[in-house]
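Just so you know, all these numbers are worked out from the coordinates, no wet-lab data involved. Just so it is clear, the model here is predicted, and its values are computed rather than measured. When we count neighbours, we look across all protein chains shown, and the Cβ atoms used for this are built from the backbone with ideal geometry, even at glycine.
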Amino acid sequence: MPPTLALAAPVLLLVLSNIFMTFAWYGHLKVEHRPLWIIVLVSWGIAFFEYCLAVPANRIGRAVYSPAELKTMQEVITLVVFAAFSVLYLGERLTWNHAIGFVLIAAGALFIFKGPLPT
C-alpha cells in the first residue's frame, strides 16, 4: 500500500466507523416509541458495520501508527463525529463548555503524537 494511502485509509475508515457507531448508540434517542429489545437489535445490526470498518482501520493503521496513536485518533474522531451528530441529528446546542473540553482533549492527543518528552 502506498505510504500516503496507509496514512489516510485508517483515518477515513475510523470516521466512517464512528458515524455508524454514533447512530448505533444514539440514533435511537429520536425513536422512543419502539420497544427496547427492537432498538437493541437494530443497534447491534448497525454496530456490525462499524466493526467491519474499525477492524481494518486498525489493522491497516498499525503499519504506520502506534496503537496509542490509533486509539487517540479514534477518540478525537469520536468527539468530532458526535459533536456534528448531536447538532445536526439531535438538534442539540454546543456550548463553550463543550468547546473547551474538546480543546483540552485535543491537547492531550497532541502529546500522544508528539512522542516521548525529553527526560
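For S17, are the conditions met, namely being in contact with an Asp or Glu (Cβ under 6 Å, 6 or more places away or on another chain) and either exposed (fewer than 12 other Cβ atoms within 10 Å of the Cβ) or free of Cβ contacts under 8 Å to residues at least 60 places away in the same chain (or both)? Yes: the conditions hold for S17. Looking only at residues of region 66-119 that are acidic (D, E) and under 20 Å from L14 (Cβ atoms), we find that the one that is nearest to the chain's Cα centre (by Cα) is E75.
Residues are listed down the side, and each one gets a yes or a no for (1) touching a residue at least 40 places away in the same chain (Cβ under 8 Å); (2) among the hydrophobic types (A, V, I, L, M, F, W, C):
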residue	(1), (2)
T22	yes, no
W37	no, yes
E50	no, no
S66	no, no
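Taking region 73-96 as the range and being closer than 19 Å to Y26 by Cβ and loosely packed, with under 12 Cβ neighbours inside 10 Å as the test, the residues that pass are L88, G91, R93, T95.
A single entry from L70, L53 fulfils the requirement of being within 21 Å of A6 (Cβ to Cβ), in contact with a Phe, Trp or Tyr (Cβ under 9 Å, 6 or more places away or on another chain) and not acidic (D, E): L53.
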